[in-house]
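Below: one structure, written as structure tokens.
The values are calculated or read from the model by the stated rules, or taken from the named source; none is laboratory data. Remember, predicted model here, so these are calculated numbers, not experimental data. Positions of Cβ are generated from backbone atoms using ideal geometry, with glycine treated the same way; all protein chains shown enter the neighbour counts. In case anyone asks, the SASA skips ligands and DNA or RNA and just uses the protein heavy atoms, side chains included. Shrake-Rupley method; radii C 1.70, N 1.55, O 1.52, S 1.80 Å.
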Amino acid sequence: MALYLITGVAGFIGSSLARGLLQRGEQVRGVDNFSTGKRENLNQILGQIDFRETDILDLDAMKLACTGVDYVLHQAAIPSVPKSVLDPIGSNRANVDGSVNALVAARDAKVKRVVYAASSSAYGDTPTLPKHERMSPDPISPYAVAKLASEYYLTSFYRCYGIETVSLRYFNIFGPRQDPSSPYSGVLAKFITMMLRGEQPTIFGDGEQSRDFTYIDNAVQANLLACKAPAAQVAGKVFNVATGRRATLNETFKLLQPLTSYSGAPAYAEERGGDIKHSLADISQAEQHLGYKPTVNFEEGLRQTVEWYRSSRV
Ligand code: UD1
């Protein structure tokens, strides 16, 4: 049994990782400052994890949190492109300074490995599809820059201090517990909850933008594999975590209609600033070096997510 520290454990992805680890009999410690995380995400698991209300910007608290830890899964962030466009300083503080703090604390505690929630936004709007890890990054939003800077810090910490690090570039992760309530929420959480309530969702732009929407179970799998894969294959490296398929927003809306029993049309509004048009991953590196293989496809992920929101009445 190993001890995992999850930063951002009360978030959608962090709390899903905690559940996945507990199911596998692992020990979980988690930190969160509830800036975007939610207490209710920890409802059924709070008694089974060592939870600490800690800000990743508090280095002393992070050093304590890393004591005795085998693996750090660093998920804490302000996860929003539009929010970063409005507040680049806040985005940088949480998404870069916070990562450096987590790395210093992990290094000093001599943890075995740090796995990081990096972002597909690092690729920017370059026309080449699918995106593969050897492409030059071309971030657009402050969020994308911050996530990429943290990736570089992870690789730097491996090179300078020898601490093993792995960055996972998440492609639009979705699933149960993703927060639908903020204007910055991920599009699927927003659309599903609105359509279940009979409300009309708004597509920004013409709806022909596409994403490699990735169900949460696939991201959990990738994190667990990234902890255990041989260092020679993964340390200091970056891997796409996605499905290798993409859907446009118009297609996605049509898939959601029968699942949510919403029969109306979507509204269309101005394209969103900082957005990219298309996103699709080449996942061959993760397949080869992590042994990653997506187990839940987009349609099945949508079904499970709609069911969860329906039964939890968010
Ligand atoms: C981006 C990153 C992703 C990151 C996430 C954090 C890319 C490809 N992906 O996701 O890795 O984790 O930010 O926030 O850069 N939309 C609507 N209506 C809405 C809401 C959104 O049409 O009500 C549209 C957006 O304009 C966008 C698409 O849906 O075109 C997806 O938006 P969103 O879910 O916010 O994610 P990304 O910005 O793609």
Got a sec to turn the phi values of the stretch 43-49 into Karplus ³J(HN,Hα) couplings, 6.51 cos²θ - 1.76 cosθ + 1.60 with θ = phi - 60°, whole Hz, x for Gly and Pro?
2, 7, 10, 4, x, 9, 10
Nearest 500 deg cm²/dmol is fine: what mean residue ellipticity at 222 nm does the chain get from its DSSP H runs of n ≥ 4 alone, each adding -39,500 (n - 2.57), divided by its residue count?
-11000 deg cm²/dmol
Given that compact globular proteins tend to follow 2.2 N^0.38 Å, what is the ratio of the alpha-carbon Rg of the stretch 155-314 to that value?
1.16
Reduced Cα scattering model of the stretch 135-196, Debye log10 I(q)/I(0), q = 0.22, 0.28 Å⁻¹
-0.94, -1.13
For VAL241, other-chain or 5+-apart residues with amide H closer than 5 Å (H placed, Pro excluded) are ARG169, TYR170, PHE171
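If I compute solvent accessible area with a 1.4 Å probe over the protein chains, what percent of it on the chain is carbon and sulfur?
51 percent
Which FRET efficiency, nearest 0.05, do ASP70 and ALA149 yield, Cβ-Cβ r, R0 35 Å? Could you put the intermediate results ahead of the total?
Details: r = 26 Å, r/R0 = 0.74.
FRET efficiency, ASP70 to ALA149: 0.85.
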Could you let me know the centre-to-centre spacing of the stretch 280-314 and the stretch 1-17, using Cα atoms, in angstrom?
18 Å
Please compute the Cα-Cα pair-distance distribution of the stretch 229-308 with 5 Å bins starting at 0, giving whole percents from short to long.
3, 11, 17, 17, 15, 15, 10, 7, 4, 2, 0
Rg ratio (alpha-carbon, reference 2.2 N^0.38 Å) - the stretch 50-92
1.44
Can you classify the stretch 1-44 as rounded, prolate or oblate using the Cα gyration tensor, where a ≥ b ≥ c are the square roots of its eigenvalues, rounded means a/c under 1.5, and otherwise it's prolate if a/b beats b/c and oblate if not?
prolate
Accessible area per residue of the chain at 1.4 Å probe, in Å²?
42 Å²
For the chain, the helices passing both cut-offs (Cα extent along own axis of 18 Å or more, Kyte-Doolittle mean at least 1.0, full DSSP H runs) are none
FRET efficiency estimate (nearest 0.05) - Cβ-Cβ, ALA2 to LEU59, R0 25 angstrom
0.55
Entries in LYS63/LYS228; LYS83/LYS110; LYS110/LYS131; LYS63/LYS147; LYS83/LYS112; LYS228/LYS277 that, when Cα-Cα distance is taken, lie over 31 Å:
LYS83/LYS110; LYS110/LYS131; LYS83/LYS112; LYS228/LYS277
Here FRET efficiency (C-beta to C-beta, LYS277 to ARG134, R₀ 25 Å, nearest 0.05) is 0.70
Compare the Cα positions of SER263, GLY273, PHE12 along the charge dipole of the chain (+1 at Cβ of Lys, Arg; -1 at Cβ of Asp, Glu; about the Cα centre) and return the one farthest towards the positive end.
PHE12
Is the stretch 16-108 best put as rounded, prolate or oblate by its Cα gyration tensor, with a ≥ b ≥ c the root eigenvalues, rounded for a/c under 1.5, and otherwise prolate when a/b is larger than b/c, oblate when not?
oblate
Gain in length, ASP206 to GLN304, computed as 0.36 nm per residue apart minus the alpha-carbon separation, to one decimal in nm?
32.6 nm
Rounded to the nearest 10 Å², the accessible area of SER141 at probe 1.4 Å
10 Å²
Is the shape of the stretch 79-192 best called rounded, prolate or oblate, per the rule: a/c under 1.5 gives rounded, else a/b larger than b/c gives prolate, else oblate, with a ≥ b ≥ c the square roots of the Cα gyration tensor eigenvalues?
prolate
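Counting only DSSP beta bridges with both residues in the chain, what percent are antiparallel, rounded to the nearest 5? Show your work: numbers first, answer last.
Details: 2 of 38 bridges.
In the chain, approximately 5 percent of DSSP beta bridges are antiparallel ones.
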Largest first, please: the extent of the C-alpha atoms of the chain along each principal axis, to the nearest Å.
55, 43, 37
